[in-house]
Amino acid sequence: MFDPILLARAQARISEKKAAREARAARRHDEIHAAVPGIAAIEGQMRSGLLRAVRETFASGEKGESAMEACREHNLALRMKRSRMLTDHGYPADALDEAPDCLLCGDAGFTDGKPCFCLRQLYADMQLQSLDQRLDLLGQSFETFDLPIFSAEEDPLERESPRDRMKLLLEYCRKYTRRFGRDSANLLLRGGPGLGKTFLCACMAGEVAAGSHWVIYETAANAVALMEAEKFARDGVSGELAERLFACDLLLLDDLGAEFVTPFAQSALYQLLSARLSEHRPTIAATVLTEEELRRRYPPQMASRLESFELLPLFGEDLRRK
Ligand SMILES: [Zn+2]
């Protein structure tokens, strides 16, 4: 599924590039026509030959085929003549041949009413860029994940080292993103601050977005603010922003529990999670709160929604304090 706002932006960028290319071609055309005498006459012959052939095809049915064929040959000869004139004047032979960046759609962005490959490619790049602004994705991927910063010392309670746990979680998250789809589980990343939750979120966001899914990363506080703005919106713009939280393929909701506790925040988050659950749109939430704390903080329906998420528990020392 596509983010309609981002898709429109990508489409606009393709149109701008197309207009710029056409303007460049027009300038080049004028320049060459001024510099190479006789080239306008040749192009005139090419156009009139084509027109004649089209007219004959319509007038004479079957016989038109051969008129078209003759025209093609004639135009080819004219084209070669034009190329020679161009190279004689120091221009590349194809200086007047205008080709779109995308041959599939001619830079329209769509083919058969569907986004063309070029548009989808640009959309995916733009989505990664916008996620990158939030998450610094470039420095964070499964490949660059720095396991050695996690302690290898076994934790007596967990009977495992933070590094081994992180290794397991990384493997799990990598598989999750590779198989991501509407039936993917909802995940709850739980652990104290500075244990790599946002880091894992960034890796998953980047990977899932690269697979042309619509991914949104937002802190719970921001998500609440967006939904609150929608409530008071008159322009529809913030309404769209809030709707994206409901509609995206994957929502990463970071810092759940750090938002202000208000009746609005609680019901908005509950509605968001419930709507996504019932429409099979996976959500990955991250929190520092324990199960007990979540139950104290949220109404029972919300807490039980969260308890239905698959739990990925992190533990260890705050890496940022090291
Ligand atoms: Zn295209």
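Computed from the coordinates by the stated procedures, all read-outs in this text should not be read as laboratory data. In this text the structure is predicted, and so the values were computed from the model without any measurement. Here Cβ is always computed from backbone atoms with ideal geometry, including for glycine, and neighbour counts include all displayed protein chains.
Taking the chain as a Gaussian network of alpha-carbon nodes connected by springs under 10 Å, the highest mean-square fluctuation of the residues Glu243, Glu143, Glu228 belongs to Glu143. GNM remark for the chain: springs join alpha carbons under 10 Å apart, and the peak mean-square fluctuation among Ser66, Ser161, Ser83 falls on Ser66.
When the label point is put 7 Å from the Cα of Phe110 along its Cα-to-beta-carbon vector, which residues of the range 1-45 have a backbone N closer than 18 Å? Hits in the range 1-45 for Phe110 at 18 Å: 1-19. Per-residue ellipticity at 222 nm, computed for the chain from helices alone with -39500 (n - 2.57) per DSSP H run of at least four residues, works out to -19000 deg cm²/dmol.
Of the Cα atoms belonging to the chain, the radius of gyration and Dmax stand at 29.4, 93 Å.
Here's how it looks for Glu310: its modeled amide H is under 5 Å from those of Asn186, Leu187, Leu188, which are all 5 or more places away or on a different chain. A Förster radius of 30 Å, combined with the Cβ-Cβ distance separating Leu76 from Arg13, puts the computed FRET efficiency at roughly 0.25.
In the chain, taking the dipole from charged Cβ atoms about the Cα centre, the farthest positive-side position among Ser66, Met166, Gln127 is held by Ser66. Available extension along the chain between Ser267 and Leu311 is 13.6 nm, counting 0.36 nm per residue and deducting the alpha carbon span.
Dipole magnitude for the chain: about 740 debye, using +1 per Lys or Arg Cβ and -1 per Asp or Glu Cβ, origin at the Cα centre. Charge tally for Glu43 (other residues, Cβ to Cβ under 13 Å; Lys, Arg +1; Asp, Glu -1): +1. Which FRET efficiency value, to the nearest 0.05, is calculated for Ser212 and Leu277 with the Förster distance at 30 angstrom and r the Cβ-Cβ distance? For R0 = 30 Å, the calculated efficiency reads 0.85. Amide H contacts under 5 Å for Thr219: Asp254, restricted to partners 5 or more places along the chain or on a different chain, H placed in the peptide plane at 1.01 Å from N. For the chain, the tally of Lys pairs with Cα-Cα distances below 30 Å comes to 11, considering only residues 8 or more apart or on different chains.
Below 8 Å between Cα atoms, with a sequence gap of 6+, how large is the relative contact order for the range 247-287 in percent? Computed over the range 247-287, the figure is 70 percent.
Think of each Lys and Arg Cβ as +1 and each Asp and Glu Cβ as -1; about the Cα centre, that makes the dipole of the range 21-114 roughly 220 debye.
Placing R0 at 45 angstrom, the Cβ-Cβ distance between Thr144 and Arg28 gives a FRET efficiency of 0.55 after rounding to 0.05.
Computed from backbone phi with θ = phi - 60° and the Karplus coefficients 6.51, -1.76 and 1.60, the 3J(HN,Hα) list for the range 261-268 is 7, 9, x, 5, 4, 5, 6, 5 Hz; x is used for glycine and proline.
Taking other Cβ atoms within 10 Å as a rough exposure proxy, His213, His280 sort from fewest to most as His280, His213.
Note on Phe260 and Asp101: the model spin-label points, each 7 Å out from Cα along the C-beta direction, lie 4.3 nm apart. The mean of 1/r over all distinct Cα pairs in the range 21-114, once inverted, gives the Kirkwood hydrodynamic radius of 15.3 Å.
The amide H of Phe110, built 1.01 Å from its N in the peptide plane, has Cys116 as neighbours under 5 Å, considering only residues 5 or more places off or on other chains.
Working note: Karplus 6.51/-1.76/1.60 with θ = phi - 60° gives the range 46-58 the couplings 4, 5, 5, x, 5, 4, 4, 4, 5, 4, 5, 4, 5 Hz, where Gly and Pro are set to x. Ordering Leu272, Met85, Thr111 by the projection of their Cα atoms onto the charge dipole of the chain, which places +1 on the Cβ of Lys and Arg and -1 on the Cβ of Asp and Glu, puts Met85 at the extreme positive end. Summing Cβ point charges (Lys, Arg +1; Asp, Glu -1) relative to the Cα centre of the range 152-311 gives a dipole of roughly 300 debye.
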